[in-house]
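Worksheet: the structure to be examined is printed underneath.
The values are calculated or read from the model by the stated rules, or taken from the named source; none is laboratory data. All figures in this text were calculated on a predicted structure; none of them were measured in a lab. With ideal geometry, Cβ positions are generated from the backbone for all residues, glycine too; neighbour counts draw on all protein chains shown.
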Amino acid sequence: MTAQIPESVILDDRRYDLCGTRDGSLLFDPLDHGVTPIALTSECRRGYMSTYLVDDGFLYLDEIEIGLDPRAPIGRDHQLLSELFGDPEPAGDPTPGHYVHLGYSITFTGGMLIGRELMSEFYGHMGFHPAIWYRDVMNLELEGGRVVSRVDRSNELDEIRKKMARDDWEGTEALPEWIESRFDIEFC
């Protein structure tokens with residue numbers, strides 16, 4: 001299996017990987033808009049890569065590269081995207097489904113974990129990387145696309161990694177269950 005390319009979130013001019021959302025929901029899914037992406041590579045089985053931007057406290061879809069049917073690169077799916085994004089700006093590369101500077105409002109409500117600096121000792125070759133594998137982790141809570149709180153979870157996750165390394169579960173509920181309940185970050 002192959003590690004998957006994560007979605008990106010730009011916060012304070014820094015790029016983070018989207019580790020997941022509390023309920024596992026997607027921030028933007030082309031299928032919800034009638035667009036059927038095809039896999040870009042084995043590292044992007046979902047068929048698209050998105051970059052979100054937190055600007056002035058609100059979440060926007062800023063860039064998307066989406067696998068469109070090569071037999072109809074400006075066909076039905078492209079038309080649907082044009083209607084959705086209002087004549088999107090192509091990225092200028094040969095990929096027909098790569099659009100930039102979208103400014104598309106995301107009205108997500110819930111929590112998300114974003115991480116920077118994936119630690120090489122935790123790198124996995126399958127699926128998405130969980131927040132605990134990142135050195136710098138932020139927990140954002142949103143209501144209707146507006147960031148209502150942000151909490152740095154980096155130190156907390158560092159302490160958990162130390163306990164895991166010592167195989168120290170004493171005095172806590174089972175650590176794997178605690179992590180799952182606290183950060184329910186399934187993202188597929």
For this session: Residues being in a strand (DSSP E or B) and not polar (S, T, N, Q): count how many of those fall in region 85-117.
Result: 14
For this session: Identify, from the list SER42, SER8, the residue that is in contact with a Ser or Thr (Cβ under 6 Å, 6 or more places away or on another chain), farther than 30 Å from ARG153 by Cα and not aliphatic (A, V, I, L, M).
Result: SER42
Exercise. Does region 29-53 hold any residues that are crowded, with 18+ Cβ neighbours inside 10 Å and in contact (Cβ under 8 Å) with a residue 24 or more places away in the chain, and which are they?
Worked result: PRO30, VAL35, PRO37, LEU40, CYS44, ARG46, TYR48, MET49, SER50, THR51, TYR52, LEU53
Exercise. Residue check: is GLU156 of a type outside the set (S, T, N, Q), over 18 Å from the mean Cα position of the chain (by Cα) and at pLDDT 75 or above?
Worked result: yes
For this session: Just need a number here: residues in region 118-142 that are modelled with pLDDT of 75 or more and in a loop (DSSP other than H, G, I, E, B).
Result: 1
